[in-house]
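Bear in mind these aren't lab numbers, they're just calculated from the coordinates by the rules spelled out. These figures come from a predicted structure and were not determined experimentally.
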Amino acid sequence: MDWACHFLISINGKHILTDPVFSDRASPSQVVGPKRATPPACAIKDLPPIDYVVLSHDHYDHLDENSVLELNEHFKPQFILPLKCGVWFDKRGIHNWVELD
């Protein structure tokens, strides 16, 4: 794995990040699991202000807890989630989300 996110889209002054993974491993633990081959292209702090984060599904290579927490801390974006993922966010104290089918 050698990407930071699947896409960073800038349109009409808004920045949309999809499926961000900035961690070293695509895993619930940073001790085990698939390790990225190269570092992310940039750090979260180096991104433009992120307005929206779109998550396609809840696999570890698309929904990375460390990345979500850091993005929320830095930018407070609106998270756009698939159905039934909001509970995961609520458990982590993140309430700026909407689920879409």
Worksheet item: How high is the relative contact order of the range 7-100, given as a whole-number percent (alpha carbon pairs under 8 Å, six or more residues apart)?
Response: 26 percent
Discussion item. Using a Cα-Cα cut-off of under 13 Å, which aspartates and glutamates could be cross-linked to residue 45, ignoring same-chain neighbours fewer than 8 residues away?
Written reply: 70, 73
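Given the range 7-100, what percent of its DSSP beta bridges are antiparallel, to the nearest 5?
On the way: 6 of 16 bridges.
The antiparallel fraction comes to roughly 40 percent.
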Worksheet item: Which value in deg cm²/dmol, rounded to the nearest 500, describes the helix-derived mean residue ellipticity at 222 nm for the chain, given -39,500 (n - 2.57) per DSSP H run of n ≥ 4 and division by the residue count?
Response: -4500 deg cm²/dmol
